[in-house]
1. Please work out which residue is farthest from Arg50 (Cα to Cα), limiting yourself to the stretch 90-114 and to residues that are assigned to a loop (DSSP other than H, G, I, E, B) and out of contact with any helix residue (DSSP H, G or I) (no Cβ under 9 Å at 6 or more places or on another chain).
2. What number of residues within the stretch 4-17 are surrounded by 14 or more Cβ atoms within 10 Å (Cβ to Cβ) and more than 19 Å from the chain's Cα centre (by Cα)?
3. Pairs under 9 Å by beta carbon, first residue assigned by TED's automatic domain parsing to the domain that holds Glu67 in the stretch 17-39, partner hydroxyl-bearing (Ser, Thr, Tyr) and exposed (fewer than 12 other Cβ atoms within 10 Å of the Cβ), six or more apart or different chains?
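The values are calculated or read from the model by the stated rules, or taken from the named source; none is laboratory data. It should be emphasised that the depicted structure is a prediction, and the values quoted were computed from it without experimental measurement. Note: ideal-geometry Cβ built from the backbone for every residue, glycine included; neighbour counts use all protein chains shown.
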Amino acid sequence: MQVLGYQPDANRFPEFVKSVPLNTMLVRSDFVTLNCPLTASTKHLIDSNRLALMKPTAFLVNAARGEVVDEAALVQALRARTIAGAALDVYAKQPLSPDHALLAIDNVLLTIPIPRSGCARPSEPQSPAKRRPSNNAGARNERCSTVSCKRTSPPGWRYRTTLRVAQPRR
C-alpha cells in the first residue's frame, strides 16, 4: 500500500508517506482523510471541483473542521455517487439540525453528539456535586458526550451504535 500526503510543508511527513500535490492525491487515493486546522486557505478546501477529482470508489473522512469541506457540494457528490462515501466527525454548523440533508443520505457515516441527562452540556457550568473522580487525576470536572454513529450499508439496512465517553472539561 502506498500512502500519499499533502501539506504545505512536505518535509514534516514520515518516510513512508509520499508527498504529492493535493489534486494528485485526490485523483489517486482510495481514502482521503482531512486533519488540518480551519484557516482562510483551508476553508472549503474540498469543494465540488475537488470532489469531482476523486475516484467513484473513494471515501472522504473529515476529522479536521467542518468548514474544510463544502457540505453542499459533499451532499451533491454523495447523492450522485461521485464518491463512494464519507465519514464525518465535524460539521460546518454543529449540532446538525434534524432535517439536515446529510442525515438522509445512505452512504455517509456521521458522529452526532447527543446530550444525556446527568451530563453537563458544553455551555453549562457543572456544580462540584456533579464532578466525578478520575482514575488518574483525583477529582476533575468532566462532561459527558454521547456519540451516535449512523450508517446504512447495504441500502435498506440501518443500524446505530452509541458510545458514551467522558471528556475532561476545558
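1. First pass over the stretch 90-114, keeping only residues assigned to a loop (DSSP other than H, G, I, E, B): 90-100, 105-107, 114.
Checking which are out of contact with any helix residue (DSSP H, G or I) (no Cβ under 9 Å at 6 or more places or on another chain) leaves us with 95, 98-99, 114.
Working: Pro95: 26, Pro98: 28, Asp99: 26, Ile114: 32 Å.
Applying the filter and picking the extreme gives Ile114.
2. In the first step, residues of the stretch 4-17 are kept if they are surrounded by 14 or more Cβ atoms within 10 Å (Cβ to Cβ); the result is 4-6, 13, 17.
With more than 19 Å from the chain's Cα centre (by Cα) added as a condition, the list becomes 4, 13, 17.
Within the stretch 4-17, residues that are surrounded by 14 or more Cβ atoms within 10 Å (Cβ to Cβ) and more than 19 Å from the chain's Cα centre (by Cα) number 3.
3. Pairs found: Asp30/Thr57.
Residue-by-condition table, conditions (1) closer than 16 Å to Asn23 by Cα; (2) assigned to a strand (DSSP E or B); (3) out of contact with any strand residue (DSSP E or B) (no Cβ under 7 Å at 6 or more places or on another chain):
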| residue | (1), (2), (3) |
| --- | --- |
| Thr39 | no, no, yes |
| Leu51 | yes, no, yes |
| Leu60 | yes, yes, no |
| Ala64 | no, no, no |
| Val75 | no, no, yes |
| Leu78 | no, no, no |
